[in-house]
Amino acid sequence: MAPTHGSFARHVSRRGLLAAGAATVSAALVASPAAASPKTLPTLIPLPNGFRPEGIATGAGPYAYLGSLGDGSIYRADLRTGAGEIISTGPGTPSVGLKLDGRGRLFVAARTEGARVVDTRTGAVLASYAFTTATPTFVNDVFLTPRGAIFTDSFQPVLYVLPLGRGGALPGAGDVVRITLSGDWSQVPGEVVNANGITATPDGKALLVVQSGVGGLHRVDPRTGVTRLVGLGDAAPLTNGDGLLLVGRTLYVVQNRQNAVDVFTLSEDGSSGVFRRRITDPAFDVPTTVAAYRNRLYLPNARFSTTPTPGTTYAVVAVER
């Protein structure tokens, strides 16, 4: 039997799933603008025709990893040259949100299939997890902490947690933890995109989850699942909010159909934020998620407004952050 919500609360209190360092995971992957790479780096990175990207992840090195919504393959792109290759052939089911840990493991949200963990050095699937038998389900995005991987489900008001063991050991299939969202959270029923992008608050004590269909940003207590809407002042609703990226106290929110990234400065506890600016680019074509390397943001164009074919072109767009 999977651990209960109560046992997870004790796990959080004892081991600190959102311990110091969780909120700086994203920040650790980017350098200050002064240390940025030259402007000669490509601003448009082509992907294989028909690839259908959605998620993107970066690490300490100059590489980005992307997953295919088509067959689930994983592509690695060199951010210096724009060249790349498939490093893991997909199982025929989608790869959605991605995050890379310091051990070279890629945690992949796999829509109706739950999640899997891929070794980026060999392309091997290290583990697969079926999170739920509920329908509909859409495991959409993932956030990594030093203690675990936390996944959103866009069709169910639940977060799924893979608690990591000593030395980052992957859990067994029966160790998956489920956290029910409550409080200010009001689930829109059916196949409407609810929970989507996920990250931590700046102080690392809570989670932030964007609810795409209604445009709300929620602060989530990881011990109880109770959520509170984040006060964003007069900012427009985050309708179609997708990937989230936290760098220090700066939160980047991708709004896919708007072809935009909204930028906020958050309070330390993440309970409120101030809108700073909107990033747009003529090359955006329904970008979904965002990752950072040095002073740049990298966003894959999912091109949801274009009917996908084997010959449809896709790319990653780089913009200054």
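The values are calculated or read from the model by the stated rules, or taken from the named source; none is laboratory data. As the structure is a prediction and not an experimental result, all values here were calculated from the model. No Cβ is skipped: glycine too gets one built from the backbone with ideal geometry, and neighbour counts run over all protein chains shown. The protein model used for the area step is the full one, side chains on, heavy atoms only, and it has no ligands, DNA or RNA in it. Shrake-Rupley method; radii C 1.70, N 1.55, O 1.52, S 1.80 Å.
At what distance in angstrom do the alpha carbon centres of the range 39-103 and the range 212-250 lie from each other?
A separation of 26 Å, based on Cα centres.
Pick out, from Thr137, Pro287, Gly55, the residue whose Cα sits farthest towards the positive end of the charge dipole of the chain, with +1 on the Cβ of Lys and Arg and -1 on the Cβ of Asp and Glu.
Comparing the listed Cα positions along the dipole, Gly55 ranks first.
Between Asn259, Thr199, Leu181, whose Cα lies farthest towards the positive end of the dipole of the chain when Lys and Arg beta carbons carry +1 and Asp and Glu beta carbons carry -1, centred on the Cα centre?
The listed residue farthest towards the positive side: Thr199.
Of the options Pro157, Asn301, Gly231, report the single residue whose Cα projects farthest towards the positive end of the charge dipole of the chain (beta-carbon charges: Lys, Arg +1; Asp, Glu -1).
The listed residue farthest towards the positive side: Gly231.
How high is the FRET efficiency from Thr280 to Thr122, r the C-beta distance, R0 56 Å, rounded to 0.05?
Working from the Cβ atoms, E equals 0.90.
Give the shape of the chain as rounded, prolate or oblate, defined through the alpha-carbon gyration tensor: a ≥ b ≥ c are the square roots of its eigenvalues, a/c under 1.5 means rounded, and otherwise the shape is prolate if a/b is larger than b/c and oblate if not.
In terms of gyration-tensor shape, rounded.
When the accessible area of the chain is computed with all protein chains present and a 1.4 Å probe, what percentage of it is carbon and sulfur?
So the carbon and sulfur contribution to the accessible surface is 52 percent.
In units of 2.2 N^0.38 Å, what is the alpha-carbon radius of gyration of the range 132-207?
1.14
Using a 10 Å cut-off on Cβ atoms, rank the peptides 247-254, 100-107 from the highest mean neighbour count down.
Going from most to least packed, we get 247-254, 100-107.
Could you size up the charge dipole of the chain around its Cα centre, putting +1 on the beta carbon of Lys and Arg and -1 on that of Asp and Glu, and report it in debye to the nearest 20?
Dipole magnitude for the chain comes out near 720 debye.
Report the relative contact order of the chain, percent, no decimals, based on alpha-carbon pairs under 8 angstrom and at least 6 residues apart.
Answer for the chain is 18 percent.
Would you mind getting the accessible area per residue of the chain, heavy atoms of the protein chains only, 1.4 Å probe, in Å²?
Value returned for the chain: 39 Å² of accessible area per residue.
All other residues with a Cβ under 13 Å from the Cβ of Tyr314 taken together, and with Lys, Arg as +1 and Asp, Glu as -1, what is their net charge?
That sum, taken over residues with Cβ under 13 Å, equals 0.
Please list 3J(HN,Hα) in residue order for the range 164-172, calculated via the Karplus relation 6.51 cos²θ - 1.76 cosθ + 1.60 where θ = phi - 60°; whole Hz, with x for glycine and proline.
Values per residue, Gly and Pro as x: 8, x, 4, x, x, 4, 6, x, x Hz.
So for the range 259-321, averaging the separation of alpha carbon pairs under 8 Å that are six or more residues apart and normalising by length, what relative contact order in percent results?
26
I'd like the accessible area for Val158: 1.4 Å probe, protein heavy atoms, all chains in place, Å² to the nearest 10.
Number for this one is 30 Å².
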